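The values are calculated or read from the model by the stated rules, or taken from the named source; none is laboratory data. Just so it is clear, the model here is predicted, and its values are computed rather than measured. FYI the Cβ positions are ideal-geometry reconstructions off the backbone, even for glycines, and counts take in every protein chain you see.
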Amino acid sequence: MRYNLQLLTIVASIVLSISTADATVGYQLNDIGQYELGMSGAIVAAPGDAMTVIPNPAGMAWIRGQGDAAAEIFNPTRSASFGQGDIGSHTNIYGLPALGWMVPVDHHQLFLGGGIFGTAGLGVNYTQQPYFVPNPIDSSKIIPATLNAYSSISMMIMALGLAWKPSSKWSIGIALDASDESVGFQETTSGNMSNGFPFSAGMNFSKSANAYGIGATLGVVYKVNKLVTLGASYRSPICFTPLTWQETNESVPNPVTGQINATGSTGQYSMRLNYPQQIALGIAVHPTQKLLISVEGQWINWNSTLNNVTIYGPWTQTGNITMDTNWKNSWIGSIGMQYIINSWLVLRTGYSYGSSPISKVDLYSNLLAPAIVTNQVTAGATEKISRHWQLTEGYMHAFKNTARSIISGTDIPINTSLAENAFGFQMNYIFN
């Protein structure tokens, strides 16, 4: 059965608040590793380290054999208004690891690489008290309650890629992506009724559930000449097994009337959260030997996976619950620049813009999915420590964006805002 997504029925929105580390378009990571972070993600035609196996495995044919280890701190600042004043999320610090490697295996024509990468990880943790709701017994009366809205997701990809370089002009690559995602979410209101009896309503799936998926990435790099390089990649959807929870006494309350729209008995609840397909095209230009300018465009097919989300379970009288989240496809434009200062220091900077998958008219359906940042700037550097060792740093700031609307059929204002910062270090070991 379908419902209009009202404040306390937007369970799918909690799940979709996943998002990712670094500046996020939806919950897509713009950057993996500190080289890519410094270039603002514009590396499909300008590979720089072993992390290229994720955005474009063909790039492995153009880097030296190496091993890379990155650690990053991600700091999103979120707030939301549920019609009763702004509240901020209580969890604002996340860690993002990445490990990658690449080795040539056949006279510099075949290249093998892979790694384990954190590609998504965020959530929200809102608590509002008092939060006034209609009395479940007498909807004409208002009683104080506590609103708890929590979500957490982490997504890891283990990639294994192979690149082939048939000539000095071009390369082609493929990577198999095996992924694990972990999701937990909660949206409940609780309190005491006027007669003193406690009440609790909503959905509580706060115990994380795991799902496993598989996908693939295809890529190509073509060197037009010494000055210009082209790159392209296609990432297939990652199709996951269902997320499942064993829970009791779930409910979907109407936030206006206080009546319960749907109830669930004891049993198994499940849902799917697949990862969308995407295409990236890029061009890298070397105006001088020291300067690199890389421009990239990317399309992410959110609508195919997040147009709606269905929660299956032992719902009484209603059948399954389908939430229309109405995510739209996103377009991302990025530019990154790199300048070699000398033999031991390289500087980078970048900018990207990504359209939000959430339109203003669907804000109410996605209050807990603050996927609305659009502009980010980045900076980074690499220092050569020795013949084999390099240290790379990256920093990102996504400018605060606020979206405002009203609850459909009322004059109650709602809004959500999001800003992001990230900073990390990466050690690079060059094999030869």
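So ILE279 ticks every box in (1) modelled with pLDDT of 95 or more; (2) outside any strand (DSSP E or B) but one. Which box is left unticked?
Only one criterion is unmet by ILE279, namely (2).
Restricting attention to the range 273-305, and to residues there that are farther than 21 Å from PRO55 by Cβ and within 23 Å of the chain's Cα centre (by Cα), which single residue is surrounded by the most Cβ atoms within 10 Å (Cβ to Cβ)?
So the first thing to find is which residues in the range 273-305 are farther than 21 Å from PRO55 by Cβ, and the list is 273, 287-291, 303.
In the following step, the residues that additionally are within 23 Å of the chain's Cα centre (by Cα) were identified as 273, 303.
Working: LEU273: 22, ASN303: 14.
Restricting to residues being farther than 21 Å from PRO55 by Cβ and within 23 Å of the chain's Cα centre (by Cα), the top hit is LEU273.
For the structure I just gave you, tell me whether ALA419 is within 27 Å of GLY88 (Cα to Cα), in contact with a helix residue (DSSP H, G or I) (Cβ under 7 Å, 6 or more places away or on another chain), modelled with pLDDT of 75 or more and not acidic (Asp, Glu).
Values: within 27 Å of GLY88 (Cα to Cα): yes; in contact with a helix residue (DSSP H, G or I) (Cβ under 7 Å, 6 or more places away or on another chain): no; modelled with pLDDT of 75 or more: yes; not acidic (Asp, Glu): yes.
No, not satisfied.
Could you identify the single residue in ILE143, ILE153, ILE157 that is of a type in the set (Val, Ile, Thr) and more than 27 Å from SER81 (Cβ to Cβ)? Give the steps one after another, and end with the answer.
Working: ILE143 fails: more than 27 Å from SER81 (Cβ to Cβ); ILE153 fails: more than 27 Å from SER81 (Cβ to Cβ).
Testing whether each residue is of a type in the set (Val, Ile, Thr) and more than 27 Å from SER81 (Cβ to Cβ) leaves just ILE157.
How many residues does the range 82-102 hold that are among the hydrophobic types (A, V, I, L, M, F, W, C), surrounded by 15 or more Cβ atoms within 10 Å (Cβ to Cβ) and either closer than 30 Å to ILE430 by Cα or without any contact (Cβ under 8 Å) to a residue 40 or more places away in the chain (or both)?
Narrowing the range 82-102 to residues among the hydrophobic types (A, V, I, L, M, F, W, C): 82, 87, 93, 96, 98-99, 101-102.
So of that shortlist, the ones also surrounded by 15 or more Cβ atoms within 10 Å (Cβ to Cβ) come out as 82, 87, 96, 98-99, 101-102.
Those still in the list that are either closer than 30 Å to ILE430 by Cα or without any contact (Cβ under 8 Å) to a residue 40 or more places away in the chain (or both) too: 96, 98-99, 101-102.
Looking only at that region, the number is 5.
Among the numbered criteria (1) in a loop (DSSP other than H, G, I, E, B); (2) at pLDDT 60 or above, which one does PRO76 miss?
(1)
Can you tell me which residue within the range 311-321, out of those that are surrounded by 15 or more Cβ atoms within 10 Å (Cβ to Cβ) and part of a strand (DSSP E or B), is nearest to the chain's Cα centre (by Cα)?
The residue in question is ILE311.
What strands (runs of 3 or more DSSP E) lie completely within the range 133-249 and have 1 or more residues being under 19 Å from THR52 (Cβ atoms)? Show your work before the answer.
Numbers: elements: 142-164, 170-192, 198-223, 228-235, 243-247.
Qualifying strands (runs of 3 or more DSSP E): 142-164, 170-192, 198-223, 228-235.
Check the range 289-301 and report whether any residue there is farther than 18 Å from GLN268 by Cβ, modelled with pLDDT of 95 or more, charged (D, E, K, R) and not in a strand (DSSP E or B).
Within the range 289-301 (the criterion being farther than 18 Å from GLN268 by Cβ, modelled with pLDDT of 95 or more, charged (D, E, K, R) and not in a strand (DSSP E or B)), the answer is yes, since at least one residue qualifies.
Return the pairs, sorted by first residue and then second, in which the second residue is of a type in the set (Lys, Arg) and part of a strand (DSSP E or B), the first residue lies in the range 218-247 and is within 30 Å of TYR312 (Cβ to Cβ), the beta carbons are less than 9 Å apart, and the residues are 6+ apart or on different chains.
What qualifies is TRP245/LYS207; GLN246/LYS207; GLU247/LYS207.
Quick one: is GLY219 surrounded by 20 or more Cβ atoms within 10 Å (Cβ to Cβ), touching a Pro at 6+ places or on another chain (Cβ under 7 Å) and not β-branched (Val, Ile, Thr)?
Working: surrounded by 20 or more Cβ atoms within 10 Å (Cβ to Cβ): yes; touching a Pro at 6+ places or on another chain (Cβ under 7 Å): yes; not β-branched (Val, Ile, Thr): yes.
It is true that GLY219 is surrounded by 20 or more Cβ atoms within 10 Å (Cβ to Cβ), touching a Pro at 6+ places or on another chain (Cβ under 7 Å) and not β-branched (Val, Ile, Thr).
Yes or no: SER405 over 25 Å from THR288 (Cα atoms), touching a Pro at 6+ places or on another chain (Cβ under 9 Å), at pLDDT below 80 and of a type in the set (Ser, Thr, Tyr)?
Details: over 25 Å from THR288 (Cα atoms): yes; touching a Pro at 6+ places or on another chain (Cβ under 9 Å): yes; at pLDDT below 80: yes; of a type in the set (Ser, Thr, Tyr): yes.
Spelling it out, SER405 is indeed over 25 Å from THR288 (Cα atoms), touching a Pro at 6+ places or on another chain (Cβ under 9 Å), at pLDDT below 80 and of a type in the set (Ser, Thr, Tyr).
For the range 201-226, what are the residues that are under 15 Å from TRP62 (Cα atoms) and modelled with pLDDT of 95 or more?
At the first step, the residues of the range 201-226 found to be under 15 Å from TRP62 (Cα atoms) are 219-226.
Of everything in the range 201-226, those that are under 15 Å from TRP62 (Cα atoms) and modelled with pLDDT of 95 or more turn out to be GLY219, VAL220, VAL221, TYR222, LYS223, VAL224, ASN225.
List the pairs whose first member sits in the range 351-363 and is part of a loop (DSSP other than H, G, I, E, B), whose second member is surrounded by 19 or more Cβ atoms within 10 Å (Cβ to Cβ) and modelled with pLDDT of 80 or more, and whose Cβ atoms are under 6 Å apart, counting only residues at least 6 apart or on separate chains?
Cβ pairs passing all conditions: SER355/SER330; PRO357/TRP302; PRO357/TRP327; PRO357/SER330.
So, in the range 172-214, of the ones that are over 27 Å from ILE311 (Cα atoms) and polar (S, T, N, Q), which residue ends up surrounded by the fewest Cβ atoms within 10 Å (Cβ to Cβ)?
ASN195
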